[in-house]
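Comments concern the structure below.
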Amino acid sequence: MRFRQVHLDFHTSECIHDIGSRFSKINFQEKLRLGHVNSVTVFSKCHHGWSYHPSEYNDMHPGLTFDLLGEMIAAAHEIDVAAPIYLSAGPDEKLARRHPEWLIRNREDVPGLGFLEPCFHHFCMNTPYLDLLINQVEEVLKKYDGDGIFLDIVGVRKCYCQYCLGDMLRKGLDPLCEEDVWKQGEDTYAGYVERMRAAVDAIKPGHPVFHNAGHITRGRRDLVHANTHLELESLPTGGWGYDHFPLSARYVQQLNMDFLGMTGKFHSSWGEFGGYKHPNALRYETALSLANGAKCSIGDQLHPDGELEEATYRLIGAAYEEVEQKEAWCEQVESVADVGLLSLEAYKAKLYPHRAQERTGGSDTGAIRILLEGKILFDVIDMESDFGKYRVIILPDDIRITRGLKEKLNAFIHRGGKLLASGQSAMNNEGTSFELDFGIRWLSENLYRPNYFRPLTGLMSIGSTSFVMYSQSQRVACTEGTVLGDMENPYFNRGPFAFCSHQHTPNKKEPAGLGMAEGKSGIYIAWPVFKEYAEKGSLVLKEMVLLALRRLLERPMLETGLPAQGIAVLQHQKEKHRYILHLLYASPIRRGEKIEVIEDVVPIYNIEVVLRLPVWAKRIYLAPQQKEMDYKQEQGELKFILPILDCHQMVVIDI
């Protein structure tokens, strides 16, 4: 896969005429060069259902008079730019009005929002529509020398259409049982993937194919491996936020698949004409992709007249010029991590595959925020991951212990690994006892909420005091563990006949059980601190977790004075015999109601770094500047000071 890609949306209504009237090979090539682009995804079929080339199996857009797809591919290839081909797989609005019986239907037999809303309707892949879609894919594979197939908006769906209901009855499934309906959805998607792969391989064996669902579900490796590579759609301003990509990338990288991070040039999200990010935002977002082992993709939307806009490609070029200079240090890298975060989404996807989706928010998000802010080197893992790669595994908030997981965790602990568990994690499925040895005993769920945490003296930066905890806690007693902090309850729960002040009742200032303890298996915290951090962001929550990790790791691989909003990722280029430390710094701010933006990138100076690597460094230099760095190495510690960090800096350690 190429490092500098553009995903060129072109969803164009039949109400617009003169399609592609201003397209020219010269303009197309000039703008791609201006943007330092080396791959552009071009359109065969859009969400409106129209083809952008002559087709035996579809109707060409009524406002188009020539083969726009063919012209774009030829122009791109002439300047050594790859050109994967896009087909809208899920939505096809033109066909939806001709064959509404092929659409996904809900339980009330309604296809989405109906036909009086300006929206796209989605097809069921268990209908004759799949035959037509495969014909469309086969056609572009035979007619055009594209560099891949991108099939958009597909995934496991619940559907109550007559085709699915008939299949369920023939299989002995119950259409009135939601789990059986999901089972049918799984079968339908598996059939779609299998037939599509066979059709592609019959024409171009091994040709790249990606099925886009907008989010890679952690823990569903079966869905992941339906693709030849992964494209992590993650527009921070478009609903994904700045938490989503690091969380997704830290999971995907350890799956050993080529992948890219897809953001957009838009101020908001897809479908926005005339919206532009600040150049610093794209600089940061593409650097974040590189730091996490990904290639880069930036979404654009082609105007109906077919002319690429200079302003857009100057904006993209400002980021991609930097990416081009950095690529040599970002190929074939492996992540280096102290900690494995066992994703709660992945855990639920394994046990309850249809209840898993957590694109943003929740325990996983709170955990990666703390880990990133604390500069802890980590991967996001699932139940199939190699636990032996890590020194500490985090069980966030609600990882109940199954028999298989217990065996795997006990083997990890036996080899010297440690656990950090919170809330109802490490308990049995009933939530009545602990399955792992933290030197504690479960008593009951606490009846008081909110309540308070009082750490031992000197453990927190603010000092020894009681901190309010808003989430549901567990009452736990210490047996053989070391108490790191107590739980305190309020005088009473707030209610209509007993309340105090504006928010909640003050603490009674007397122990009511333990709040945090360390035992043989590791450290346990009595609140679901990760989910609470995602919701509340209280300093005490982060300090509790980082305190626990400092105790469990003792000597982490990385320590740095980079501020909280900075990001540090360590990659290993094994074949090049070097480590690459990526340091990033930018501060997203909220503009409008829900949009986070990056505008100012403030340089950070004199950042102290300590690395504890298992090898001796031969030299250290900045990349891509190739500037040598002064450093000290003694007693297993490599120390240096980075003079300045301006958005993104790679520090290379040759070994």
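The set of residues from the range 290-312 being part of a helix (DSSP H, G or I) and open to solvent by less than 20 Å² (accessible area, probe 1.4 Å) comprises 290, 291, 312. Among the conditions (1) of a type outside the set (Val, Ile, Thr); (2) within 29 Å of residue 21 (Cβ to Cβ); (3) in contact (Cβ under 8 Å) with a residue 40 or more places away in the chain; (4) assigned to a loop (DSSP other than H, G, I, E, B), the only one that residue 315 does not satisfy is (4). Taking the stated definitions as given, is residue 327 modelled with pLDDT of 90 or more, among the charged types (D, E, K, R), open to solvent by 10 Å² or more (accessible area, probe 1.4 Å) and under 18 Å from residue 287 (Cβ atoms)? Yes; evaluated as a whole, the condition is true for this residue. Quick check on the range 1-30: of everything there that is basic (Lys, Arg) and in contact with a strand residue (DSSP E or B) (Cβ under 7 Å, 6 or more places away or on another chain), which residue is most open to solvent (accessible area, probe 1.4 Å)? The selected residue is 2.
Quickly run through the range 130-156 and pick out the residues that are surrounded by 22 or more Cβ atoms within 10 Å (Cβ to Cβ), part of a helix (DSSP H, G or I) and not β-branched (Val, Ile, Thr). Scanning the range 130-156 gives a single hit, 133.
Filter the range 579-594 down to the residues that are assigned to a strand (DSSP E or B) and under 22 Å from residue 559 (Cβ atoms), then identify the one that is most open to solvent (accessible area, probe 1.4 Å). Among them, the one singled out is 585.
Tally up the residues in the range 264-289 that are in a helix (DSSP H, G or I) and either closer than 17 Å to residue 9 by Cβ or touching an Asp or Glu at 6+ places or on another chain (Cβ under 8 Å) (or both), please. Going through the range 264-289 one residue at a time, the tally reaches 6. The residues of the range 157-176 that are more than 22 Å from residue 217 (Cβ to Cβ), open to solvent by 10 Å² or more (accessible area, probe 1.4 Å) and not hydroxyl-bearing (Ser, Thr, Tyr), listed by number, are 162, 165, 166, 167, 169, 170, 171, 172, 173, 174, 175, 176. Residues in the range 641-655 that are without any contact (Cβ under 8 Å) to a residue 60 or more places away in the chain and surrounded by fewer than 20 Cβ atoms within 10 Å (Cβ to Cβ): 641, 643, 644, 646.
Looking at residue 33 and the list (1) assigned to a helix (DSSP H, G or I); (2) open to solvent by less than 30 Å² (accessible area, probe 1.4 Å), which single condition is not satisfied? Of the numbered conditions (1) assigned to a helix (DSSP H, G or I); (2) open to solvent by less than 30 Å² (accessible area, probe 1.4 Å), the odd one out for residue 33 is (2).
This table checks each residue for (1) basic (Lys, Arg); (2) surrounded by 14 or more Cβ atoms within 10 Å (Cβ to Cβ); (3) modelled with pLDDT under 95.
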{"site": "460", "(1), (2), (3)": "no, yes, yes"}
{"site": "466", "(1), (2), (3)": "no, yes, yes"}
{"site": "471", "(1), (2), (3)": "no, yes, no"}
{"site": "474", "(1), (2), (3)": "no, yes, no"}
{"site": "489", "(1), (2), (3)": "no, yes, no"}
{"site": "508", "(1), (2), (3)": "yes, yes, yes"}
{"site": "512", "(1), (2), (3)": "no, yes, yes"}
{"site": "516", "(1), (2), (3)": "no, yes, no"}
{"site": "521", "(1), (2), (3)": "no, yes, no"}
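Within the range 141-156, residues that are more than 18 Å from residue 5 (Cα to Cα) and free of Cβ contacts under 8 Å to residues at least 40 places away in the same chain reach no partner that is of a type in the set (A, V, I, L, M) and assigned to a loop (DSSP other than H, G, I, E, B) with beta carbons closer than 9 Å at six or more positions or on different chains.
For residue 332, the requirement of being in contact with a strand residue (DSSP E or B) (Cβ under 7 Å, 6 or more places away or on another chain), closer than 26 Å to residue 613 by Cβ and not in a loop (DSSP other than H, G, I, E, B) is not met.
Just one of (1) surrounded by fewer than 24 Cβ atoms within 10 Å (Cβ to Cβ); (2) on the phi < 0 side of the Ramachandran plot; (3) at pLDDT 95 or above; (4) not hydrophobic (A, V, I, L, M, F, W, C) fails for residue 363. It is (1).
Might you check whether a residue that is part of a strand (DSSP E or B) and of a type in the set (D, E, K, R) occurs anywhere in the range 610-617? No, because not a single residue in the range 610-617 is part of a strand (DSSP E or B) and of a type in the set (D, E, K, R).
Rundown of residues vs (1) part of a helix (DSSP H, G or I); (2) open to solvent by less than 10 Å² (accessible area, probe 1.4 Å), yes/no style:
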{"position": "340", "(1), (2)": "no, yes"}
{"position": "347", "(1), (2)": "yes, yes"}
{"position": "376", "(1), (2)": "no, no"}
{"position": "384", "(1), (2)": "no, no"}
{"position": "394", "(1), (2)": "no, yes"}
{"position": "406", "(1), (2)": "yes, no"}
{"position": "412", "(1), (2)": "yes, yes"}
{"position": "421", "(1), (2)": "no, yes"}
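Residues of the range 198-213 that are assigned to a helix (DSSP H, G or I) and either among the hydrophobic types (A, V, I, L, M, F, W, C) or touching a helix residue (DSSP H, G or I) at 6+ places or on another chain (Cβ under 6 Å) (or both): 198, 199, 200, 202, 203.
All of 597, 609, 601 fail the test of being over 28 Å from residue 254 (Cβ atoms), in contact with a Lys or Arg (Cβ under 9 Å, 6 or more places away or on another chain) and open to solvent by less than 20 Å² (accessible area, probe 1.4 Å), apart from 597. Take the residues in the range 204-220 that are among the basic types (Lys, Arg) and more than 13 Å from the chain's Cα centre (by Cα), then tell me which one is modelled with the highest pLDDT. Among them, the one singled out is 204.
Taken together, the residues in the range 1-40 that are under 27 Å from residue 258 (Cβ atoms) and basic (Lys, Arg) amount to 4. The set of residues from the range 1-41 being in contact with a helix residue (DSSP H, G or I) (Cβ under 9 Å, 6 or more places away or on another chain), over 30 Å from residue 227 (Cβ atoms) and of a type in the set (D, E, K, R) comprises 14, 25, 30. For the range 434-479, the tally of residues that are free of Cβ contacts under 8 Å to residues at least 40 places away in the same chain, part of a loop (DSSP other than H, G, I, E, B) and of a type in the set (A, V, I, L, M, F, W, C) stands at 1.
Looking only at the range 40-92, residues that are open to solvent by 20 Å² or more (accessible area, probe 1.4 Å), farther than 14 Å from residue 25 by Cα and among the charged types (D, E, K, R) come to 2 in all.
The values are calculated or read from the model by the stated rules, or taken from the named source; none is laboratory data. What you see is a predicted model; the values in this text were computed from it and never measured. Note: ideal-geometry Cβ built from the backbone for every residue, glycine included; neighbour counts use all protein chains shown. Ligands, DNA and RNA are excluded from the accessible area calculation, which covers all protein heavy atoms including side chains. Shrake-Rupley method; radii C 1.70, N 1.55, O 1.52, S 1.80 Å.
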